[in-house]
Amino acid sequence: MKKYLAITGPIAAGIYCFLYLPILVIVLNSFNSARGEYEWKGFDLRWYRTLFADEAALSALQNSLVLATTSAAIATVIGTLLGYGLNRYRFPGKRTFNGFLHLPAYVPDIVLASALLLFFTLLRQRAGWLAPGMTTMILAHVTMQIPIVAIIVRARLEIWGDSYEEAAADLGASPTKRFRMITVPLMKPGVIAGGLLAFTLSLGDFVVSLFTAGPGSKTVPILVYQKIGSGHTNDLNALSTLIIAISALTAIIVALIQSSRRYQDT
Amino acid sequence: MKSRNKKFKGWSVEHGVMMGRRGHLWRSMWLSGPGIAWMTLLLVCPLAVITWMSFMDRGPNGEIVARFTFDNFALLGGKGPFGYDPSHLEVFVRSIFVGGVTTCACVLAALPLAFFMVALPNRLQRVALIMIAIPLWTNVLFRTYAWQILLAPDGLLLTPFVKVGLMEPGQHIYPGWRALMIGMVGCYLPFMVVPVYTSVKQIDWTSGDIARDLGADKMTAFTNAILPQIQPGLMAGIIFVFLPATGQFVIPNLLGGGKTFVLGNALEQEFVVTHNWPLGAAYSVFMLAFVAAGLLLHTRMTRNRQEREPMVL
């Protein structure tokens, strides 16, 4: 196995560079004192200072965080119940529902976004419900997040099967005690990982947000997108860097939780 | 679990509790109920509405008329108002081409990377995996916009090529096909690496040695004994890249320019710019059918659900 390293090593190094190059450009330029160009002119925090004086940018940052936190919280509750329910109990049509649960991961986000746009617009026109804004965005994001939480929680429960609970039942533990002392601890890492992934998924989304946003609920990606159109983006690198840092941090925590499973497992 | 179910029809002992069909239904209602209701209301309903919309007609002023028609699909199929017009068909062909090339490039890059990762000691393997997870969860828009900066004519990346003489000064690859493919591979590669890595990690390397002992040469041993073992991860990765990549919107929009008008661009145009919802809906329905076909095929080719859920990192 080791002998492949001579060939695969350089390729892997190149691939990592390729993946991190765009992220580095944004992060480095947010500390670059140059204005309107991308040559390195020395380390400077001025873009962060202008950022915290910029109302539009701050409100976009606030919107992004409110959206990600609220939607992740809702999705974690519903998704955990769903993951647990799907793991344990049967109902007619479960296979079909499973198929639908996998759809958001594979359907291009713009298809989901346009379906939701159409749905919300018709609801507003016909019934007067749901003006586009934070509410529609939260509804849309939770729809993307529920499957990921449910699938992770269910996968977590499947690792252990039901042997621990049966053992506890044989030893005379009551259903409540079994749930509290066995099921919950087994599920907990999955719930945390699922919730954090839901949060990053929301921060990483652009297309669904763009299609369901209203005039008052601009998030960071939408703001950046509009500024790209108008040409001047230098001052938005700091804002993008903050979002990237939060996503990266959550991704690291999730990866640590999920990969520690492998070691307990084997 | 199955064998116990047979003792009493419809009854089973699960997790130490004896339960019948009604017990399952009752608990499912409380636990899975909210999730099912949410997904029905906000996923199944919108998809049903968009399917319905794709069969609607438009009046003279572009307003939607509730009259059943196949015109939108006929238009996509090339039946334009002035005779044969393949422009919509070309969008499909172009999209599938972009998705296909992206998938191939990701497979070619992910394989050596996965073999590299499993050769590392355990601690470093976790680091290498986390290093893949970070770009995976970073906003695609930011990364795409960074490629715009990098690939600009006088940008950081092309200047060395110009100095060496590989490229003419002022020659640009952005916007265009090359910039589009670079952005696409950068975006989707992590989605390929994770399932492929998971499969490569589970390879039983002794089967390669056995093949060698039985007289196979190095190459045959690798292609016939090692490679088939990573087929599940490869399949999962292909499906995970090909289906979403075909409908990608942000990257073609920002890096491709006018020549790379794909499904994502078409959907944005019909829904946001020209407001031709029935036509946009017809595009979506085609895309949905495409994804459904891909997923069904994948389900047929895999043995169990675990093989189909590679992204549970």
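Across B:206, B:69, the residue with the most accessible area heads the list, and the full order at a 1.4 Å probe is B:206, B:69.
In chain A, once you exclude exposed chymotrypsin sites (Phe, Trp or Tyr not before Pro) (DSSP loop, at most 16 other Cβ within 10 angstrom), what's the longest stretch remaining? Answer - A:130-266.
Take each residue of peptide A:173-183, count the partner chain Cβ atoms within 10 Å of its Cβ, and average: the result is 1.
Computed over protein heavy atoms with a 1.4 Å probe, the accessible surface of chain B works out to 48 Å² per residue.
In a Debye calculation with equal point scatterers on the alpha-carbon sites of the protein assembly as shown and no solvent, what is log10 I(q)/I(0) at q = 0.05, 0.07, 0.08, 0.09 Å⁻¹? For the requested q values the scattering log ratios are -0.23, -0.46, -0.60, -0.76.
Given the alpha-carbon gyration tensor of chain B, what are the semi-axes of its equivalent ellipsoid in whole angstrom, ordered largest first, with each equal to the square root of 5 times an eigenvalue?
38, 36, 18
Rounded to the nearest 20 debye, the dipole magnitude of the protein assembly as shown is 1980 debye, with +1 charges on Lys and Arg beta carbons, -1 on Asp and Glu beta carbons, and the Cα centre as origin.
The Cα atoms of region B:20-80 cover 57, 23, 15 Å along the three principal axes, with the biggest extent listed first. With 0.36 nm allotted per residue and the present C-alpha distance subtracted, the residue B:202-residue B:41 stretch has 54.0 nm of extension available. In this structure, the residue pairs whose Cα-Cα separation is over 26 Å, taken from B:79/B:259; A:94/A:218; A:41/A:227, are A:94/A:218. About its Cα centre, the dipole of region B:20-80 is roughly 420 debye, where the only charges are +1 on Lys and Arg Cβ and -1 on Asp and Glu Cβ.
Entry note, region A:54-265: relative contact order of 35 percent, from Cα contacts under 8 Å with a spacing of 6+ residues. Which of the residues in region A:150-164 lose at least 10 Å² of accessible area when you go from the chain alone to all protein chains together (probe 1.4 Å)? When all protein chains are present, A:151, A:152, A:154, A:155, A:158, A:162 each give up 10 Å² or more of accessible surface. Carbon-plus-sulfur fraction of the accessible area of region A:76-121, 1.4 Å probe, in percent? It is 67 percent, rounded to a whole number. Across chain A, Cα-Cα pairs more than 36 Å apart make up 30 percent of the total. With the whole protein complex present, residue A:117 retains an accessible surface near 40 Å², based on a 1.4 Å probe. Distance between the 7 Å Cα→Cβ label points at residue B:231 and residue B:293: 2.3 nm.
Across peptide B:76-85, the average count of Cβ atoms from other chains found within 10 Å of a residue's Cβ is 0.
Taking all protein chains as they are arranged and a probe of 1.4 Å, the heavy atoms of residue A:94 leave approximately 50 Å² accessible to solvent. With a cut-off of 11 Å on the backbone N, the residues of region B:216-241 near the modelled label site 7 Å out from residue A:4 along Cα-Cβ are B:222-223, B:226-230. Accessible surface of residue B:68, taken over heavy atoms with a 1.4 Å probe and every protein chain present, rounds to 140 Å². Of the residues B:243, B:47, B:255, the one that moves most in a GNM of chain B with alpha-carbon contacts below 10 Å is B:47.
Using the empirical formula 2.2 N^0.38 Å as the baseline, the Cα radius of gyration of region A:1-124 reaches a ratio of 1.68. For region A:54-195, the C-alpha radius of gyration sits at 1.31 times the compact-globule guess of 2.2 N^0.38 Å, with N the residue count. Legend: residues A:135, A:143, sorted from most to least accessible area (1.4 Å probe; ligands, DNA and RNA excluded), read A:135, A:143.
The values are calculated or read from the model by the stated rules, or taken from the named source; none is laboratory data. Note that this is a predicted model, so its numbers are computed, not measured. So basically every Cβ, Gly included, is an ideal-geometry build from the backbone, and we count neighbours across all protein chains shown. SASA here: full protein model, heavy atoms, side chains in, ligands and nucleic acids out. Shrake-Rupley method; radii C 1.70, N 1.55, O 1.52, S 1.80 Å.
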